[in-house]
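The values are calculated or read from the model by the stated rules, or taken from the named source; none is laboratory data. From a predicted model like this one, the values you see are computed outputs, not experimental measurements. Reconstructed Cβ throughout: ideal geometry from the backbone, glycine too, with neighbour counts over all protein chains shown. Calculation scope for accessible area: heavy atoms of the full protein, side chains included, ligands and nucleic acids excluded. Shrake-Rupley method; radii C 1.70, N 1.55, O 1.52, S 1.80 Å.
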Amino acid sequence: MSSAGLSRRRVANNSTSSDPSFGSASSSKHYDEDDARPKPSAGSGQASPRGMTGSHGGSAFEGGNRIAFDPRDLEDVGAEEKRVGGKVPRLTIMEEVLLLGIKDKQGYLSFWNDNISYALRGCIFMELALRRRIALSKDPNRRRLPPSERLVEVLDDRQTGETILDEALKMMKGQQDPVAQGGGGEKLSVNNWIDLLSGETWNVLKIGFQLKQVRERLAKGLVDKGILRTEKRNFLLFDMPTHPLADLRAKENLITRVISTLTSTTSAVPASALDKEGTQCRVMRAVCLICSAYTASVLDNAFGRLGYEEREAAFGRADDILVEFSCWPFGSASGITDSGPKRKYSNRIAMGSSGDGSRESILGFISEVKKESVGGDEDLGFELIAGVLEVLSKLDSLI
């Protein structure tokens, strides 16, 4: 186990990132630097960070909000769903995970959630990999290392229109480019990058890689997209901004996708579990959402309509999905594929011990994901996602 991994878990145990305003001053010990500085509330006249887009992004105004988007991620929708010139910007995996974690009426995260900040950094990597912007370095010797210790490289550094993604992409590109200012010409592993973006490093020379205010920036992005709204609530002596739900239908659709994924009993992937038509890598994106929400400790927020036994079965299914997709090739944890390392702590899927169709369902997801891959077991982007999920599977609350 790397020293960075040990550092992460020590900090996670002492953190109080559950602050109602995404990390407010009420935390008496460690708090995530996402929220280390005060933020302007909606309507304060300051432009949202998402309004600053690159040459490949776009923006539009509606109700005084500036909405940034990647034109390639838009699709035509019916008149009842029109928000920005007839187009609806899709949500990123980070935004969907945060949306699941936010309380609908109160507009803040659970007081006791210590995992979401770290998990969101992993979501950034998965989102970039799904957009084919980053992948693992194509080195035959990489197979000697676990997926989380394999090196990451930037394939395409064009801006996405999502400020957080572009910021992370720029840092990775600068790090691997020896000509760029501050670049060391050094490629870092999946585990190292997630630690650096989270600020979990003892190296003062690397502290500049930390992404700050991630939760608040994502929440304001959801405000710009019309999913959340901004209010102020009084917590003891402080007035803090919160972000209650504004678009109930958007969250209901998200919850429906999550439940459909975790309650399916057939090998066919249900259409209700997938994002809208036209989305790139729809099945792999659904898997990333489930695993990210599970490791971020927000998955239970989607189970309000399920009974106790159904909830337990859904959590078990989520754990099985995480195990099978946090190794490479996908499915090798339980011997579903002929090659790849074996994961010693779970073989429930291979044994067929689940009587609720879990094995058939996960086999269906693995089969569909392989169809989406580029080059099968040589898809370095999907291999990177396996490395991210391996890192997230080691968070304390899952051990």
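The range 115-176 and the range 291-337 have Cα centres spaced 23 Å apart. Computed from the Cβ-Cβ distance with R0 of 30 Å, the FRET efficiency linking GLU372 to LEU306 stands at 0.60. For the set ARG217, ARG144, ARG317, solvent exposure ranked by accessible area (probe 1.4 Å, protein chains only) runs largest to smallest as ARG144, ARG217, ARG317. In this structure, the amide hydrogen of ALA246, modeled 1.01 Å from its nitrogen in the peptide plane, lies closer than 5 angstrom to those of LEU228, ARG229, counting only residues at least 5 positions away or on a different chain.
Residue-wise HN-Hα couplings along the range 132-137, as the Karplus relation 6.51 cos²θ - 1.76 cosθ + 1.60 with θ = phi - 60° gives them from phi, are 6, 9, 9, 7, 7, 5 Hz; Gly and Pro carry x.
Of the cross-linked pairs LYS170/LYS371; LYS105/LYS232; LYS103/LYS232; LYS105/LYS251; LYS276/LYS394; LYS276/LYS371, which ones have a Cα-Cα span greater than 21 Å in the structure shown? Before the final figure, lay out each step's value.
Numbers: LYS170/LYS371 30 Å; LYS105/LYS232 12 Å; LYS103/LYS232 15 Å; LYS105/LYS251 13 Å; LYS276/LYS394 31 Å; LYS276/LYS371 18 Å.
The pairs that break the limit, which is 21 Å between Cα atoms, are LYS170/LYS371; LYS276/LYS394.
Placing unit charges on the Cβ atoms only, positive for Lys and Arg and negative for Asp and Glu, gives the range 123-176 a dipole magnitude near 320 debye about its Cα centre. Residue-wise HN-Hα couplings along the range 152-168, as the Karplus relation 6.51 cos²θ - 1.76 cosθ + 1.60 with θ = phi - 60° gives them from phi, are 9, 9, 8, 8, 8, 9, 5, 5, 9, x, 9, 4, 5, 4, 5, 5, 5 Hz; Gly and Pro carry x. Pairwise inverse Cα distances across the range 213-284, averaged and inverted, put the Kirkwood hydrodynamic radius at 14.6 Å. With the simple model of a label 7 Å out from the Cα in the direction of the Cβ, GLN280 to TRP112 spans 4.0 nm. Using only side-chain charges placed at the Cβ, +1 for Lys and Arg and -1 for Asp and Glu, the dipole size of the range 277-321 relative to its Cα centre rounds to 220 debye. Can you work out D for the range 175-258 in µm² s⁻¹ from Stokes-Einstein, where Rh is the Kirkwood radius over C-alpha pairs, the temperature is 20 °C and the viscosity is 1.002 mPa s? Roughly 132 µm²/s, to the nearest whole number.
FRET efficiency for ASN203 and ASP156, Cβ-Cβ distance as r, R0 = 41 Å, nearest 0.05? Walk me through the intermediate numbers first.
Working: r = 28 Å, r/R0 = 0.68.
Result of the calculation: an efficiency of 0.90.
Taking all protein chains together and rolling a 1.4 Å probe, THR163 ends up with roughly 30 Å² accessible. Couplings 3J(HN,Hα) for the range 366-375, derived from phi with the Karplus relation 6.51 cos²θ - 1.76 cosθ + 1.60 (θ = phi - 60°), are 4, 4, 5, 5, 4, 5, 7, 6, 10, x Hz, where x marks Gly and Pro.
What is the ratio of the Cα radius of gyration of the range 255-339 to 2.2 N^0.38 Å, where N is its residue count, to two decimals?
On the way: Rg = 13.0 Å, N = 85, 2.2 N^0.38 = 11.9 Å.
Cα Rg divided by the expected 2.2 N^0.38 Å: 1.09.
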